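Structure record follows, encoded as structure tokens.
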Amino acid sequence: MKAAPDAQKRLLDLAEQDAALDRLRHRRRTLPELAGIDDLSKRLAQIATQIIAAETEAADLGREQSKAESDVDAVRQRAERDQKRLDSGAVSSPRDLAGLQSEIASLHRRQGDLEEVVLEIMERRETADARVDALRAERETITADLVGAESRRDTAFAEIDKDGSEVTARRKTIAAEIPADLLALYEKLRESSGVGAALLHGGRCLGCRTTMSIADLNAIRAAKPDEVVRCEECRRILVRTNESGL
Ligand SMILES: [Zn+2]
């Protein structure tokens, strides 16, 4: 392939823009905020599940407490009824009186036991409610952190994309000055190896950092300036300048 030496040199400018675009893409992919956002989103999903579990537990304990409280009420009312019967003097047989007194005593013991149960449920419920509150507070903090990280990410993305459009515009201008066949070769090489053209500098290909053999250098020396030469090692287009060491 043949191309004017100036067009060949322009490939280096093109390669510079492509390298800049690669760096911008890399920066976009590896922004520190992205890992943070990922972690925070995962924690948020996890905490949503934990909140539902804690809320369910608190609600269950609430129902359990109401049930235990109504058990206490039922026993208390029965004891009160018995006490009224006792106080009314309607029961006169000593045997019945003793039976009634014994039942009242037993109902009081039962009420005491049930009140213990209510207290124990209330304690567990308080713990569950506190856990719901703590999880909700954590969710608020994480949500705020996430919003902050997303906003920093978006700011960084906007800067990167702005730089990207500038580089892309410069690249377009440069590409327009390069003959189509040379550009096509460059693009093909860039696709396969990441870099399409490299400077021959002091007898070294700056694409793969290989020092040319004497024979290769001699072949390049013999090639006319408009001949497009390639690195024998990496096959990239080698651009010759005054610094090439020829
Ligand atoms: Zn090379």
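The values are calculated or read from the model by the stated rules, or taken from the named source; none is laboratory data. As the structure is a computational prediction, the values presented were derived from the model and not from experiment. In this analysis, Cβ positions are derived from the backbone assuming ideal geometry, glycine residues included, and neighbour counts consider all displayed protein chains. Accessible surface areas use protein heavy atoms only, side chains included; no ligands, DNA or RNA. Shrake-Rupley method; radii C 1.70, N 1.55, O 1.52, S 1.80 Å.
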Item to check | Free-standing Cys residues across the chain, given no other cysteine C-beta under 4.7 angstrom | outcome: none
Checklist entry - On full extension of the chain, what length is gained from Val147 through Asp226, given 0.36 nm per residue of separation minus the C-alpha to C-alpha distance? => result 22.8 nm
Checklist entry - Antiparallel as a % of all DSSP beta bridges within the stretch 168-246, to the nearest 5? => result 55 percent
Next on the checklist: Please list the three semi-axes, largest first and in whole Å, of the ellipsoid equivalent to the stretch 178-246, using sqrt of 5 times the eigenvalues of its alpha carbon gyration tensor.
Outcome noted: 19, 14, 10
Item to check | Rg ratio (alpha-carbon, reference 2.2 N^0.38 Å) - the stretch 29-163 | outcome: 2.06
Checklist entry - Per the Debye formula with a single identical scatterer at each Cα and no solvent contribution, what log10 I(q)/I(0) holds for the chain at q = 0.09, 0.13, 0.16 Å⁻¹? => result -0.68, -0.91, -1.09
Checklist entry - Under the Kirkwood approximation for Rh and a Cα-based Rg, what ratio Rg/Rh is obtained for the stretch 98-207? => result 1.70
Checklist entry - Using 7 Å Cα-to-Cβ label points, what is the Arg136/Ser193 separation (nm, one decimal)? => result 6.4 nm
Next on the checklist: I'd like the FRET efficiency for Arg25 and Glu233, computed as 1/(1 + (r/R0)^6) with the beta carbon distance as r and R0 of 25 Å, rounded to 0.05.
Outcome noted: 0.45
Checklist outcome for this item: Asserting the computed 222 nm helical MRE of the chain (DSSP H runs at least 4 long, -39500 (n - 2.57) per run, divided by residue count, to nearest 500) equals -28000 deg cm²/dmol
Checklist entry - In debye to the nearest 20, how big a dipole does the chain give about its Cα centre with +1 on each Lys and Arg Cβ and -1 on each Asp and Glu Cβ? => result 1500 debye
Checklist entry - How many nm is it between the label spots at Thr241 and Arg63, if each spot is 7 Å from the Cα in line with the beta carbon? => result 7.9 nm
Next on the checklist: If you take every residue apart from Asp226 with its C-beta less than 15 Å away from the C-beta of Asp226, what net charge results, scoring Lys and Arg +1 and Asp and Glu -1?
Outcome noted: +4
Checklist entry - Longest span of the chain, sites excluded, free of trypsin sites (Lys or Arg not before Pro) in DSSP loop with at most 15 other C-beta atoms within 10 Å? => result 1-208
Checklist outcome for this item: In this structure, the FRET efficiency calculated for Ala53 and Gln83 from their beta-carbon separation, with R0 = 41 Å, to the nearest 0.05, is 0.35
Checklist entry - With springs only between Cα atoms under 10 Å, which of Asp96, Asp13, Asp226 fluctuates most in a Gaussian network model of the chain? => result Asp96
Next on the checklist: Once neighbouring chains are kept in place and the probe is 1.4 Å, which whole percent of the accessible area of the chain is contributed by carbon and sulfur?
Outcome noted: 52 percent
Checklist entry - If one computes the Cα centroid of the stretch 163-200 and of the stretch 65-115, what distance in Å separates the two points? => result 96 Å
Checklist entry - In degrees between 0 and 90, to the nearest 10, how far off the longest principal axis of the chain does helix 5-29 point, with axes built from Cα atoms? => result 10 degrees
Checklist entry - Gaussian network model of the chain, Cα springs within a sub-10 Å range: biggest mean-square fluctuation belongs to which of Leu97, Leu199, Leu182? => result Leu97
